[in-house]
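Below is one structure; the comments refer to it alone.
The values are calculated or read from the model by the stated rules, or taken from the named source; none is laboratory data. Keep in mind the model is a prediction, meaning the values are calculated, not measured. With ideal geometry, Cβ positions are generated from the backbone for all residues, glycine too; neighbour counts draw on all protein chains shown.
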Amino acid sequence: FHPLIAAATAQFGHGGDQAPALLKLELQRAAWDHIGPARTADSLNRMDAVIDDLADRAGRAAVPDYALWNQAFIEWVELRSLLDVARAVTAAARERDASVGGHVRLDRPQVSILAQPYSTVVRGQTGNGGGLRVQAVRARRPRMPAMRLLAMRLKDAWRKTQAKALCLLPPALLDPILDRRYRAILGPGDAAPAVSPGGPAAAVADAAE
């Protein structure tokens with residue numbers, strides 16, 4: 001953490017020509033355009049260029065020399081963190097070179113359900129200047145048993161059929177059905193059940209039948 005602390009401390013009183021809040025807004029807009037839900041190899045390359053440019057300009061950000069609620073410093077710290085996140089997302093999206101789930105590659109085919117499943121792991125290392133160098137690698141996961149995969153696909157098709165049928169109902173019939181379903185999901189006391197990150201409830205497709 002020492003390089004990060006040193007870089008943050010050195011930013012106090014920096015009289016640059018860039019406003020951290022505006023740089024952060026520019027990054028957020030570029031991220032939506034280039035690494036949003038739908039991506040291409042060209043958009044990922046453009047995002048790399050945006051990140052490099054904003055990282056350089058972040059070094060010229062103006063931050064007053066006081067510590068009590070220094071909004072410019074807060075924006076600068078958030079900008080540096082968002083740049084690291086953008087690097088990680090871009091690297092992971094480039095490694096995941098096909099469409100699957102919520103990750104859509106407009107220039108690549110859909111992943112086959114028979115393909116070898118894997119997770120994308122992003123490793124980062126802080127450079128001398130405090131910036132993050134990232135590398136995305138694939139971590140193979142065990143295949144889902146064929147019968148469970150078939151059952152999951154059938155359930156998914158049944159849910160979609162039900163959803164289409166519900167859309168045809170008039171509101172007088174549809175509203176009570178949806179109300180019962182929402183209450184069943186919430187459970188007693190209308191409180192949503194707790195879901196532990198990484199647990200079976202958070203990854204239904206991987207849970208044992």
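Structure notes:
- For the range 105-115, the set of residues classified as in a strand (DSSP E or B), in contact (Cβ under 8 Å) with a residue 40 or more places away in the chain and loosely packed, with under 15 Cβ neighbours inside 10 Å is empty.
- Each residue in the range 142-165 was checked for being without any contact (Cβ under 8 Å) to a residue 12 or more places away in the chain, over 20 Å from TYR118 (Cα atoms) and of a type outside the set (D, E, K, R), and 7 pass.
- Note on the range 4-20: among residues that are in contact with a Phe, Trp or Tyr (Cβ under 9 Å, 6 or more places away or on another chain) and not in a strand (DSSP E or B), the one that is surrounded by the fewest Cβ atoms within 10 Å (Cβ to Cβ) is GLY13.
- Residue pairs whose Cβ atoms lie under 7 Å apart, sitting 6 or more positions apart in sequence or on different chains, and linking a residue in the range 82-104 that is farther than 11 Å from ASP48 by Cβ and without any contact (Cβ under 8 Å) to a residue 60 or more places away in the chain to a partner that is among the hydrophobic types (A, V, I, L, M, F, W, C) and assigned to a strand (DSSP E or B), are ASP84/LEU132; ALA88/VAL122; ALA88/VAL134; ALA92/VAL122; ALA92/ALA136; GLU95/ALA136.
- The single residue among ALA49, ALA30, ALA72, ALA67 that is surrounded by fewer than 16 Cβ atoms within 10 Å (Cβ to Cβ), part of a helix (DSSP H, G or I) and of a type outside the set (Lys, Arg) turns out to be ALA49.
- The single residue among ALA93, ALA62 that is in contact with a His (Cβ under 8 Å, 6 or more places away or on another chain) and within 26 Å of GLN11 (Cα to Cα) turns out to be ALA62.
- Qualifying residue in the range 23-41 (condition: at pLDDT 90 or above, assigned by TED's automatic domain parsing to the domain that holds ARG133, touching a helix residue (DSSP H, G or I) at 6+ places or on another chain (Cβ under 7 Å) and hydroxyl-bearing (Ser, Thr, Tyr)): no
- Here GLN135 meets each of (1) among the polar types (S, T, N, Q); (2) over 24 Å from ASP53 (Cα atoms); (3) touching a strand residue (DSSP E or B) at 6+ places or on another chain (Cβ under 9 Å) with one exception, condition (2).
- Neighbours by Cβ (under 8 Å, 6+ apart or cross-chain): first from the range 22-38, under 14 Å from VAL104 (Cβ atoms); second charged (D, E, K, R) and in a helix (DSSP H, G or I): HIS34/ARG46
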